[in-house]
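First up is the structure itself, then whatever we jot down about it.
The values are calculated or read from the model by the stated rules, or taken from the named source; none is laboratory data. Remember, it's a predicted structure, so these values are computed and weren't measured experimentally. Backbone-built Cβ (ideal geometry, glycine too); neighbour counts: all protein chains shown.
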Ligand code: AMP
Ligand code: GLY
């Protein structure tokens, strides 16, 4: 089949890598892609939110399947655009409908959904500028730290955790007065959850689902989980504290009620759900839903997936996912992000990258890279995700760090403590 994949990050490089292993693939196109995806398929210079251009391309190239990597086109309704268009309606779209994408696109919607379907999550209330005083009162009923979330998409920056009540009140007022533009016209205030975070992923056709390998993300820029939040500086799968009992609870208390809720609300959902969870003394609570795979989590989840991804996607499109095979590789996967020095604040771009060709024990997924005069250079904050598989986490980490030692670019930064918490947890 002919597949068009939307996106340009390390996640999409990992999608392209897994898709090209499928027996069912004829041609793979990636819009806009990156130099990594160009090694696996054909990059096409189309913006992921330009639905008309995407349409013309799909018609011209006889695309059979659209795989949506990032949330934005989903929140903007690309699924609905395809199913309601005469020329596109037979193309399988792997991704949530516009209404389904509100699980990520609106925190208020997601929280109300969880409340309605008894899905464990932090206690919350939502406020607007008109009810700001009620918001201050609600804050008084909670204990520090205070969690404030912009309702809409805010490029991963819309969650504020405030250490004291005065900062929390000031932050609430700032947010409602436009700190994140339209995204913070409404603000969700919720109870602070304690425990250890883990990300779980499913692929669903709206009826049944496949539980994919779980992962742990390292969100902070600094070692020991210090410093600013980033898109993620590394990931590990499996995660030892997500044992069988915990996974069972996640399935029965969270995933199954989520799918039943989507069904009850008549929301079409044929794609991935990424559930950010807090494990509090063995009990799972939802921190957030995302309607896509994680980045860099995909770079450890897909290498552990023993399945033909396009075969699974076909099952999603025809609502026969329940009949498909999807196994997990026992080995451990780790990925370490090589970032531009300065990220997540300002950093230089256009710095030459060398040495990736010398890596043979790891997979180098490209994220913020571009080609200039035939040379690979940096073009973003997170530049490369260096993934390794091994029988042990120690072995996988050793491979990734040895591979990184072969890669050079000026001001390259990476965390040296990826997976250390899991190693210590085991001891
Ligand atoms: P989100 O964008 O919703 O994933 O939130 C970003 C990060 O904020 C999460 O990964 C958590 O580390 C933290 N966070 C969000 N909500 C809560 C909560 N209710 N309690 C504790 N930490 C939270
Ligand atoms: N790594 C977190 C995310 O993709 O949202």
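Observations on the structure shown:
- Applying a threshold of 8 Å to beta carbon distances and a minimum spacing of six or more residues, or different chains, the list of pairs starting in the range 224-236 at a residue that is farther than 24 Å from residue 304 by Cα and free of Cβ contacts under 8 Å to residues at least 40 places away in the same chain and ending at one that is assigned to a strand (DSSP E or B) and within 14 Å of ligand 2 (Cβ to nearest atom) reads 226/220; 227/220; 227/221.
Matching residues to (1) modelled with pLDDT under 95; (2) surrounded by fewer than 21 Cβ atoms within 10 Å (Cβ to Cβ); (3) more than 23 Å from the chain's Cα centre (by Cα):
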site	(1), (2), (3)
118	no, yes, yes
122	no, yes, no
136	no, yes, yes
161	yes, yes, no
175	no, no, yes
188	no, no, no
193	no, yes, no
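- Among the strands (runs of 3 or more DSSP E) confined to the range 24-109, the ones with at least 2 residues that are touching a residue at least 24 places away in the same chain (Cβ under 8 Å) and farther than 18 Å from residue 298 by Cβ are located at 27-32, 92-96.
- Out of 231, 271, one residue alone is under 22 Å from residue 9 (Cα atoms) and away from ligand 2 (no atom under 13 Å from the Cβ). It is 271.
- Sole residue being touching a helix residue (DSSP H, G or I) at 6+ places or on another chain (Cβ under 8 Å), in contact (Cβ under 8 Å) with a residue 12 or more places away in the chain, part of a loop (DSSP other than H, G, I, E, B) and surrounded by 20 or more Cβ atoms within 10 Å (Cβ to Cβ), chosen from 296, 284: 296
- Subset of the range 10-23 (residues that are in a loop (DSSP other than H, G, I, E, B) and in contact with a strand residue (DSSP E or B) (Cβ under 8 Å, 6 or more places away or on another chain)): 20
- The lone exception for residue 207 - which of (1) within 16 Å of ligand 1 (Cβ to nearest atom); (2) out of contact with any strand residue (DSSP E or B) (no Cβ under 8 Å at 6 or more places or on another chain); (3) closer than 30 Å to residue 252 by Cβ it fails: (1)
- Top-ranked residue in the range 313-335 [being crowded, with 22+ Cβ neighbours inside 10 Å and closer than 13 Å to residue 215 by Cβ; ranked as nearest to the chain's Cα centre (by Cα)]: 335
- Selection over the range 391-427 of residues that are loosely packed, with under 13 Cβ neighbours inside 10 Å and within 25 Å of residue 352 (Cβ to Cβ) gives a count of 3.
- Consider the range 180-206 and keep the residues that are over 24 Å from residue 100 (Cβ atoms) and in contact with a helix residue (DSSP H, G or I) (Cβ under 9 Å, 6 or more places away or on another chain). The one that is farthest from ligand 2 (Cβ to nearest atom) is 189.
- The single condition from (1) in contact with a strand residue (DSSP E or B) (Cβ under 6 Å, 6 or more places away or on another chain); (2) more than 26 Å from residue 7 (Cα to Cα); (3) assigned to a loop (DSSP other than H, G, I, E, B) that residue 416 fails is (1).
- Per-region count, the range 336-363, residues more than 22 Å from residue 223 (Cβ to Cβ), part of a strand (DSSP E or B) and in contact (Cβ under 8 Å) with a residue 60 or more places away in the chain: 1
- Failed item, numbered, when residue 105 is tested on (1) closer than 30 Å to residue 283 by Cα; (2) surrounded by fewer than 19 Cβ atoms within 10 Å (Cβ to Cβ); (3) within 19 Å of the chain's Cα centre (by Cα): (2)
- Single unsatisfied condition, residue 386 versus (1) free of Cβ contacts under 8 Å to residues at least 60 places away in the same chain; (2) in a helix (DSSP H, G or I); (3) surrounded by 17 or more Cβ atoms within 10 Å (Cβ to Cβ): (2)
- Single condition residue 301 does not satisfy, out of (1) assigned to a helix (DSSP H, G or I); (2) under 12 Å from the mean Cα position of the chain (by Cα); (3) more than 23 Å from residue 249 (Cα to Cα): (3)
- Within the range 264-278, being in contact with a strand residue (DSSP E or B) (Cβ under 6 Å, 6 or more places away or on another chain) and either assigned to a loop (DSSP other than H, G, I, E, B) or within 26 Å of residue 385 (Cα to Cα) (or both) holds for 271, 272, 273, 274, 275, 276, 277, 278.
- So residue 396, is it in a helix (DSSP H, G or I), within 19 Å of residue 416 (Cα to Cα) and in contact with a strand residue (DSSP E or B) (Cβ under 8 Å, 6 or more places away or on another chain): yes
- Qualifying residue in the range 248-260 (condition: in contact (Cβ under 8 Å) with a residue 24 or more places away in the chain, more than 30 Å from residue 135 (Cα to Cα) and within 16 Å of ligand 2 (Cβ to nearest atom)): no
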